[in-house]
Amino acid sequence: MKNIIPAASLGLPISIEKKASMDEALELFSLSGEEILIVMADGEYIGALSRRSLFNAKRYGLKVNLSEIAEEIPSGETFPGLEVLRNPLGAFLVLKETPKSLITLKEGPLLQEGLFKKETVKLKGELKTFAQILCEISSELGVSAYFVGGVVRDLILNRPCFDIDVVITRKVQKFAEKFARALQGEIIKKSLFGTFKIKAGAYIFDIAQMRWEYYEAPARLPRIAPGPLRLDLFRRDFTVNALALCPVTGQIVDFYGGVADIFSQKLRVLHVLSFIDDPTRIFRAARYATRFNLELTKTTLRAIDLALKFETLNLLTPARLRNEFLRIFEEKEPLKAILFLKKHRILKKLFSLDPDETLFKKAFHLAEVAGLGERAEIELVALLLAGSPEEFAKLELSTKKFESYQRQRKSLEEKASWLLDPAIPVSEKVFFLEKFPKELLCASVSFLDEDFLLRCFKHYFKVSPGLSGKDLKRLGLNSGPILGKILKKIRAAKLDGQIKDGEEITFLEKELKNGFPS
Ligand code: ATP
């Protein structure tokens, strides 16, 4: 505690009124040389405005009030008499008694004085071996290497991770080659951003140079350049993923409060324009928030508001949007992520149909029972959400496909009451329904009987005649289209409960005597 300077003696932070214009704020940043201004309204503190967010908002031509881009300051550790607050930008604010006594401090002195806990992790098993190899190659090449991103998060959460990201300071190609050789793996891809993907057993490694990045315009791919670890972590999606781990010491590098956010289950963007820069991060938010049960912080919610207000979602290319949905379907509970997107108005912004939660639940339950693959799942989503061929195209689906689904949907609608009629034999209904794609049947649960569809997927569609064409020929029947008709009749008898498995031949003999099939 001896190193803590009393907050009051450090004076007041530079503040700006919420009503001030963007230009006035920019001028104040220039004049004061500060990175953060405190936004005030009626003497109350309402958030921290970062120079970078204001500058980028201006660069993108966004017209915003200062309060829309002011960020909340998460609380850090508490000490007797004062609370230390952390801003993702790396500045710390010490709050004492009233909001007016907020003071800004640079990150360095506090970190060095050990005010913040240093977390370390004990590496075990294969990760320990990987760390040793990283250390050896790093010292051989005279570079530094860190594990970064999801692997650090998963390590803290004690979850297995087979996708491991590594950043190094320089010589990335040499490093990747040596690393692949040491692991007896192979380089399988070199990405646009100079990243090397290595496959070694069950593991996939991404080896990249530490870099910083900026966006020329919303939703574009970023421009990149080599940079320090602090900025490599700042360019990431959420604080829980903006962590690095030093393989030499096992120490976690946490500039932005990611460890605290993991333990308090918070999903926090690194800055308020994060979703304007890259709207795919909202879909990532849907995955992480539901997978780890994380609560969105105020700044994260504000970042969603901004992305919606400035229409950035519609700037995503179909390939990128489709890819995000595919990744959602890789999750254990994709429905939760889809409902997250609905709750946060993302789906409504992209598509005109707005099905209620119950319809999503029913359709996804059917899809699970039907065992739809990822491609069909995307089409199910498109069927539930898209009201026009243009909206279908947002998921890389063709106009032709849209029209074909529309036609088939109409046939289903026309038969909806016929399908409900108990006098119609089950077999006739099954023969009719099984001609349609499964995803369309799932999406049609809004007007078709859910129970009947469930029975179709669980049982009826799987009922087989129990005999093949070959069997019929062996029984003395001549080949030709007649065989198909006979098999269909046997299947119908099974679907309608007239016969059970094993009774096919007796049934066939009886029917043949009666001149079957007519
Ligand atoms: P998952 O468990 O879903 O695979 P992951 O964290 O490994 O999670 P990846 O998609 O493999 O996710 O990305 C690796 C890391 O790269 C992330 O942890 C994150 O730090 C960063 N990252 C990936 N995509 C983005 C993005 N669109 N914007 C910012 N950072 C990103």
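Scanning the stretch 370-394 for residues that are assigned to a loop (DSSP other than H, G, I, E, B) and aliphatic (A, V, I, L, M) yields Leu372, Ala386.
From the list Phe447, Phe431, Phe402, which residue is within 21 Å of Ala492 (Cα to Cα), in contact (Cβ under 8 Å) with a residue 12 or more places away in the chain and aromatic (Phe, Trp, Tyr)? Outline the logic, then answer.
Values: Phe447 fails: within 21 Å of Ala492 (Cα to Cα); Phe402 fails: within 21 Å of Ala492 (Cα to Cα).
From the options Phe447, Phe431, Phe402, the qualifying one is Phe431.
Which residue out of Leu221, Leu243 is within 19 Å of Arg320 (Cα to Cα) and touching a residue at least 24 places away in the same chain (Cβ under 8 Å)? It would help to see each step written out before you state the result.
Working: Leu243 fails: within 19 Å of Arg320 (Cα to Cα).
It is Leu221.
Screening the stretch 267-282 for residues that are within 9 Å of the ligand (Cβ to nearest atom) and in a helix (DSSP H, G or I) and picking the one that is farthest from Glu331 (Cα to Cα) gives Asp277.
Residues in the stretch 278-319 that are basic (Lys, Arg) and either within 17 Å of Ala337 (Cα to Cα) or touching a Gly at 6+ places or on another chain (Cβ under 7 Å) (or both) were compared, and the one that is surrounded by the most Cβ atoms within 10 Å (Cβ to Cβ) is Arg281.
Within the stretch 256-266, the residues that satisfy the criterion of being touching a residue at least 40 places away in the same chain (Cβ under 8 Å) and assigned to a loop (DSSP other than H, G, I, E, B) are Tyr256, Gly257.
Suppose the filter is modelled with pLDDT of 95 or more, more than 30 Å from Asp496 (Cα to Cα) and part of a loop (DSSP other than H, G, I, E, B); does Leu397 pass it?
On the way: modelled with pLDDT of 95 or more: yes; more than 30 Å from Asp496 (Cα to Cα): yes; part of a loop (DSSP other than H, G, I, E, B): yes.
The answer is yes for Leu397.
The single condition from (1) aliphatic (A, V, I, L, M); (2) touching a strand residue (DSSP E or B) at 6+ places or on another chain (Cβ under 8 Å); (3) outside any loop (DSSP other than H, G, I, E, B) that Leu341 fails is (2). Taking the listed residues Asn293, Asn323, the one that is without any contact (Cβ under 8 Å) to a residue 60 or more places away in the chain, within 16 Å of the ligand (Cβ to nearest atom) and outside any helix (DSSP H, G or I) is Asn293, with no other qualifying.
Would a scan of the stretch 303-321 turn up a residue that is closer than 26 Å to Pro218 by Cβ, touching a His at 6+ places or on another chain (Cβ under 8 Å) and not small (Gly, Ala, Ser)? Taking every residue of the stretch 303-321 in turn, at least one turns out to be closer than 26 Å to Pro218 by Cβ, touching a His at 6+ places or on another chain (Cβ under 8 Å) and not small (Gly, Ala, Ser). Selection of first residues in the stretch 127-156 that are touching a residue at least 24 places away in the same chain (Cβ under 8 Å) and farther than 23 Å from Asp237 by Cβ and of second residues that are basic (Lys, Arg) and away from the ligand (no atom under 12 Å from the Cβ), restricted to Cβ pairs under 8 Å at least 6 apart or on distinct chains, gives the following pairs, ordered by first then second residue: Ile137/Lys178; Glu140/Lys178; Leu141/Arg170; Leu141/Lys171; Leu141/Lys174; Leu141/Lys178; Val143/Arg170; Val143/Lys171.
The values are calculated or read from the model by the stated rules, or taken from the named source; none is laboratory data. Just so you know, these numbers come straight off a predicted model, no measurement behind them. Please note: Cβ atoms are built from the backbone with ideal geometry, for glycine as well, and neighbour counts cover all protein chains shown.
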